[in-house]
Structure formats: C-alpha cells, structure tokens
Amino acid sequence: MCSNKKGIMTQNQMNVTKIFVDGEIIDIEDDIYDVDTKIETEESKCVDLPLLLTASCMCANTDVRNSPEGWIIEGDSAEGALILNAMKNGIRKDEIELTLKKIGEIPYDPERKRMSIIFRDSNGELFIFTKGSVENIIDVCTDIQLHGYEQILNANRIRAIRSVNRSFARDHAQGIAFAFYQLDREPKNFLAEELEQDMIFIGMMGLTDHPRPDTKSAVKKCLINSIKPIIITDECKEIALRFARDIGVARGEAEVLTGEELDTLDDKAFFDIQDRFSVYSDISPSQKTRIIKTLRETGQITAMFGDSANDVDAIEEANIGISAGKTGSSVTINASDIVIMDNSFNTAVKAIEGTRNTLQNAKKILRYFLSGSIATAFTIIIAFIINRIWNDFNFPPLSLLQVLWINFAGGIIPAFGIMSNSISENALGDGAYSYSRVFSNELKANVFIRGILASIFAIIIYAFSLGPADLFANQDRANTASMSILVISQLAFAFQCCRVNNRGIFHKIFGNKLMLGLAIVILLSHLSIVYMPQLNEIFSTKPLSFIDWIPIIVAFAIFWLPLDELFTTSEYNEVYEEIHEESKIIDKAPKLNDDFQIKSEDDNQENSDEDN
C-alpha cells in the first residue's frame with residue numbers, strides 16, 4: 001500500500017512553525033489563521049525578515065480570502081500558509097502586487113525541486129524570487145543575505161544551514177528555502193538553467209503538517225494484517241523518517257531509501273533488497289514509477305495512492321491506482337481505478353477491508369448454497385440406494401414441491417441475510433482472494449461434511465417417521481419430517497455463516513437483524529406448510545407431533561453449535577492468535593518520540609562543532 005505523505009496521511013493543514021533568517025531561528029507557536037498576532041522578533045537581529053516574508057508570499061500562486069468562518073486557502077495549503085504567515089507582519093500579497101508586477105514564471109519541477117517568479121517593480125527594476133527545497137536552493141546560491149548585506153555563502157555557512165534544516169526536521173517541520181537576485185535586463189526566455197544561478201540565499205521557513213488522527217491506527221491495522229504500508233515522498237530523509245516513526249511505518253534509518261541511493265542501484269540490486277524499505281525519501285516521479293514497477297515484479301499486489309499530476313505514471317503502473325478526490329488533479333483522477341473522496345489513507349484501508357468482507361460473505365454464501373444442495377441431493381441419492389437394496393423402503397423421501405421449498409426457504413431467502421453481514425474484525429487478515437482459495441480443501445471438507453451429515457439426519461428421521469407397520473400410510477408425514485430437518489439445518493448453518501469473529505454465540509442471533517427477521521418469516525411460513533390443511537394438500541405434508549420435532553430441534557442445535565466450533569472457531573482463533581502476537585510486538589516497540597530523541601541527541605553531539 002504505497003502512498004504519498006502530504007494530504008493523504010497528514011491533515012493537509014500546513015502551518016509555519018519556524019523561521020531561519022539572519023542566523024536566527026524564530027519559533028512560531030500561534031495559529032496560522034490568527035493573522036493579527038505579530039511574529040515576535042528583535043528587529044535589530046532580523047532586519048531581513050520582511051524580505052524573506054515578501055519572497056515567501058510572492059512565490060505563491062495560491063489565494064486566500066477572509067470569510068465569516070475565518071481565512072480560507074484556495075489552492076495549495078503550503079503556499080496558503082506562507083501567505084498567511086507573511087500577513088502576521090503586515091505583509092499582504094495583494095498590496096505588494098500593486099508595486100511588483102509579475103512578468104514571468106519558471107514553474108515548479110519535481111526533478112529540480114524549485115520554482116521561480118520574475119517581477120518588475122515601480123522603478124522598472126527586475127527581480128527574481130526562487131523557492132524550493134533547502135539543498136536545491138543552496139545549489140544555485142553563491143551569496144547569503146545577512147543583516148541587510150550580501151556575504152559569501154561559504155562552506156561553514158552551508159553546513160550551518162543544513163544543521164538548521166535537520167533541527168527543523170526533528171520538530172516535524174519541512175524546510176523550504178528562499179533566494180533572490182536583481183536582473184540586469186529582461187530575459188527573452190524564462191529558462192531555469194539561465195536564470196536560477198548566482199543567487200542570494202535569504203532564509204528558510206519550517207512548515208508542519210501533522211498526521212491525521214486515524215492514520216496511526218490505519219497503519220497498525222495494515223501491519224497486523226499482512227499489508228505493508230510504504231511512504232513515498234519528495235521530502236528529505238529526516239522529515240520522512242520522523243513522520244514514519246510517529247505513525248508506525250518505520251522504526252529505524254535502515255528502512256529508509258533516498259532517491260540518490262536508489263539511483264546507485266541497478267534493477268536487480270534493488271529487486272533483491274526492496275523488501276527492507278518502508279520509506280522512500282527525496283523521490284522523483286520517475287523513481288516513484290520504478291519503485292512501483294519493482295514491487296509488482298516481486299509478485300506483490302501493489303496499490304499506489306497519490307494526488308498530484310506527478311503521480312500519474314506510478315498510479316497507472318500499480319495494480320490498483322488510487323487518487324485523492326478532494327485535492328487531486330483531474331489527470332490523476334482519470335488515471336486511477338479508485339477515487340477516495342476525503343483523501344484519507346484510513347478510508348483507503350477501510351475500502352480494502354470492506355471489499356474483503358464482501359468477498360468473505362460471498363465465500364460464505366457459496367459454502368452455504370453448496371452444502372444445502374449437497375444435503376438435498378444426497379438425501380434423495382441415499383434413499384434411492386436403500387430402495388434398490390430394500391424394496392419396501394419408500395422412495396422418494398421428498399416431493400418436487402418440497403425440494404423447491406427447501407431451496408427457497410433454506411437457500412435463497414437466508415442468503416440475503418448473509419449478504420448483509422457486518423464487517424468482520426479480521427476481514428483484512430483474511431488476505432487477498434484467489435480462485436484457489438475459494439475452493440480450498442478446507443472449504444470442500446466443510447461443505448461436504450455438512451451436506452452429507454444433514455442428509456444422514458434427514459434419512460434417519462424419514463425412516464423412523466415411516467413407522468414399522470404400514471410404510472405407505474406415513475409417507476406424507478415422513479416427507480414432512482425430512483423436509484423440515486433439511487430446512488432447519490440450513491437455517492442453523494445460515495446463522496453460523498453470520499457469525500462475527502470473537503463475538504459471543506448469541507451474537508449470531510441478535511447481531512444480524514435482517515437474518516433474524518428472515519428466520520422468523522421462514523419458520524412461520526414452514527409451520528404454515530406443516531399445519532395448514534390447504535397447504536398440506538399442495539405440498540403433500542402432514543402435521544408433525546411434538547415427538548417428531550424433538551430430533552429436528554436436536555439437529556438444529558448440533559448444526560448451530562458443535563459444527564460451528566469444529567469448522568469455524570478453530571479457523572478464526574488461529575487468525576486471531578497471529579493478530580494478537582503481532583499487536584504485542586507493535587505495542588512493545590520503543591516509544592517513537594523517545595527513541596528519536598536519543599538519536600537526535602547523538603546527532604547533536606556528533607555535529608556540535610558544525611552547529612556552532
């Protein structure tokens with residue numbers, strides 16, 4: 001189950017929580033939508049903060065508008081967060097656009113991870129502002145803006161910027177860097193390789209997007225049911241690992257593979273070690289497609305959950321392409337097999353769970369129909385064989401209308417109750433279905449033993465109901481008894497098929513309201529056929545005495561309780577034992593935050609000189 005991180009596993013509510021400018025780190029704890037709260041800084045130390053805020057809001061193609069409910073972001077949530085953050089210091093994009101006219105743009109490219117916008121101010125001077133990942137902005141900068149002056153971006157300052165970016169990552173903040181410079185003349189072509197060079201580094205902002213409340217539980221549900229969740233993101237390794245730790249996808253750096261490391265592996269080498277990784281960071285669209293292709297080549301059924309146009313190739317490559325309907329691009333939605341309207345990873349897991357539950361119910365219905373057919377068929381076959389051996393044994397034990405009633409009351413009607421069965425707690429653990437599993441040896445044994453056992457009961461009651469004196473005198477009574485036991489035994493089996501795992505035995509009766517209602521209707525209808533004279537003539541039945549009902553009730557109890565324990569509970573207990581053991585392993589894992597804090601302290605100790 002491969003997935004993007006942003007907006008699918010997270011809340012898609014970006015918030016600027018950290019700013020790095022003029023060598024100072026500013027922590028922002030206020031709500032981003034509270035634009036009236038000014039960012040608290042010492043102006044003497046952060047003279048370039050207005051420049052950074054201007055660059056951040058101008059490198060955005062998103063609009064924000066005020067409404068009675070508050071500020072609404074119309075577009076990318078990260079860009080909206082940058083615009084609202086600038087408003088905290090009185091810098092409004094709509095006001096700046098009155099003096100800075102946009103004349104060109106170099107769109108964001110997932111390969112270079114940057115975007116640039118060119119402006120002309122009221123004096124006719126040209127400026128370019130660039131936004132992108134920290135490493136990719138450093139690559140195009142030669143200078144840095146410090147306290148209002150341009151200074152050389154030397155190796156020590158680059159190490160310091162990278163150290164700050166790592167500290168951002170420890171606090172779940174994704175670092176976004178900004179740069180600018182003044183153009184000598186208006187460019188003829190807006191090309192990245194010509195304009196994005198020799199720039200001046202301004203500063204960084206840290207954006208936080210917390211996990212959805214239900215993401216961690218969805219991940220745990222996947223892990224204990226043999227579904228491997230994989231995060232594929234273009235964010236840096238530190239951010240991806242910290243997020244994966246917190247939701248339970250990964251526990252250590254060994255489970256993370258970066259895009260740079262992936263490029264060093266040929267297809268065979270990656271194929272051999274792909275099962276080690278649960279997180280892929282700094283991944284480009286082409287690398288994402290390669291990952292999905294390799295997973296499919298290993299024979300694994302692979303799903304890809306994405307929302308942007310960059311995910312189209314990966315979604316098409318996966319066995320199951322899933323797109324985010326709320327924020328996904330039209331191209332992505334058209335390329336996908338499934339659209340999740342609320343963009344939630346948990347909803348996708350629920351969809352798998354619901355689908356497997358439907359298949360599980362279909363398997364129960366198939367088992368139910370086959371066992372009923374076998375019971376009816378073997379009752380007639382056994383009676384025929386006995387009739388050939390012992391000529392005085394009357395044949396057939398069932399009339400044509402009685403067989404039709406058995407198929408209708410003991411087959412078709414209860415099947416509707418089985419179809420409405422609630423989602424089983426181990427629907428995910430039941431695994432992906434294959435044709436071989438539908439007709440497994442366990443299913444064949446269950447079906448045949450139930451069917452043959454029901455037919456043996458029917459023949460025994462049929463024989464006893466005929467009586468020793470005049471075999472033909474009690475024919476209708478014997479037929480009624482054999483018909484009743486076949487209907488009742490199938491009804492008992494229908495309740496067993498409605499069982500929800502790990503629930504009490506009475507949940508079979510009261511858990512499925514539709515099944516309970518159908519059972520009452522079937523019993524009343526069957527009693528009408530047995531005791532109403534008009535229906536006696538049509539169905540060739542006779543009223544049964546209390547003594548006749550005793551073996552039928554006993555048979556119901558046998559089919560409802562002992563066989564249920566023999567064929568079903570043992571199977572489910574094995575599954576639940578496995579799930580319980582997996583849950584204990586996950587619950588006993590080290591606390592993610594504590595574990596990462598220890599790791600972070602070690603990193604800080606190793607890099608103390610560099611940080612200074």
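Determine, from the Cβ-Cβ distance of PHE546 and THR355 and an R0 of 41 Å, the FRET efficiency 1/(1 + (r/R0)^6), rounded to the nearest 0.05.
Numbers: r = 48 Å, r/R0 = 1.16.
That gives a FRET efficiency of 0.30.
Which value, in debye to the nearest 20, gives the size of the charge dipole of segment 215-345 about its Cα centre, when Lys and Arg are +1 and Asp and Glu are -1 at the Cβ? Don't jump to the answer; show the numbers that get you there.
On the way: 15 positive and 22 negative charges, 135 e Å.
For this selection, approximately 660 debye.
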Q. Highest mean first, what order results for 282-293, 475-486 on Cβ atoms within 10 Å?
A. 475-486, 282-293
Q. Once the Cβ-Cβ distance between LEU514 and LYS228 is put in as r, and R0 is 45 Å, what FRET efficiency do you end up with, to the nearest 0.05?
A. 0.80
Q | Cross-link table LYS102/LYS326; LYS221/LYS268; LYS101/LYS326; LYS6/LYS88, entries beyond 28 Å C-alpha to C-alpha | A | LYS102/LYS326; LYS221/LYS268; LYS101/LYS326
**Q.** Other-chain or far-sequence residues with amide H under 5 Å of LEU183's (modelled H)
**A.** LEU126, PHE127, ILE128
Q) What nm value, rounded to one decimal, do you get for the distance between GLU253 and ALA362 when each label is placed 7 Å out toward the C-beta? A) 4.7
Q. Gap in Å between the Cα centre of segment 182-211 and the Cα centre of segment 309-338?
A. 30
Q: Could you tally the net charge around ASN61, taking each other residue with its Cβ under 13 Å from the Cβ of ASN61, Lys/Arg +1 and Asp/Glu -1?
A: -3
Q) How would you rank 356-364, 54-62, highest first, on the average number of other Cβ atoms within 10 Å across their residues? A) 54-62, 356-364
Q. What FRET efficiency would be calculated for the residue pair SER122, GLN151, taking the C-beta separation as r and a Förster radius of 30 Å, to the nearest 0.05?
A. 0.60
Q | Simple label model, 7 Å out from Cα along Cβ direction - ARG170 to VAL554, nm | A | 7.6
Q: Evaluate the distance, in nm, between pseudo-label points positioned 7 Å from the Cα of ASN89 and of ILE456 along their respective Cα→Cβ axes.
A: 8.6
Q. Between LEU523 and ARG185, 0.36 nm times their residue separation minus their Cα-Cα distance comes to what?
A. 112.6 nm
Q) Of SER336, GLN360, PRO285, which is farthest along the charge dipole of segment 262-400 in the positive direction, counting Lys and Arg as +1 and Asp and Glu as -1 at C-beta? A) GLN360
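Do any GluC sites (Glu not before Pro) in segment 102-168 lie in a DSSP loop with no more than 15 other beta carbon atoms within 10 Å, and if so, which?
On the way: sites: GLU105, GLU111, GLU125, GLU135, GLU150; in loops: GLU111, GLU125.
Taking segment 102-168 and a limit of 15 other Cβ atoms within 10 Å, the loop GluC sites (Glu not before Pro) found are GLU111, GLU125.
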Q) What does the convex hull of the alpha-carbon atoms of segment 1-159 project to on average, in nm²? A) 11.5
Q: Rank the residues VAL279, VAL339 as a footprinting-exposure proxy: fewest other Cβ atoms within 10 Å of their Cβ go first.
A: VAL339, VAL279
Q. Non-local amide H neighbours of ASP109 (under 5 Å, H modeled in plane, Pro and chain starts lacking H): which ones?
A. ARG114
Q | Packing-based ranking, highest mean first, of 523-530, 201-208, 166-173 given that Cβ atoms within 10 Å are counted | A | 201-208, 166-173, 523-530
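Could you give the length gained on full extension between LYS45 and PHE408, defined as 0.36 nm per residue of separation minus the Cα-Cα distance, in nm?
On the way: separation 363, 0.36 × 363 = 130.68 nm, distance 8.46 nm.
Gain on stretching LYS45 to PHE408: 122.2 nm.
Past the 24 Å Cα-Cα mark, which pairs from LYS5/LYS293; LYS5/LYS131; LYS93/LYS188?
Details: LYS5/LYS293 20 Å; LYS5/LYS131 20 Å; LYS93/LYS188 26 Å.
Pairs exceeding the cut-off: LYS93/LYS188.
Values in this text are rule-based calculations from the coordinates and carry no lab data. Note that the coordinates shown come from a computational prediction; the quantities given were computed from them, not determined experimentally. No Cβ is skipped: glycine too gets one built from the backbone with ideal geometry, and neighbour counts run over all protein chains shown.
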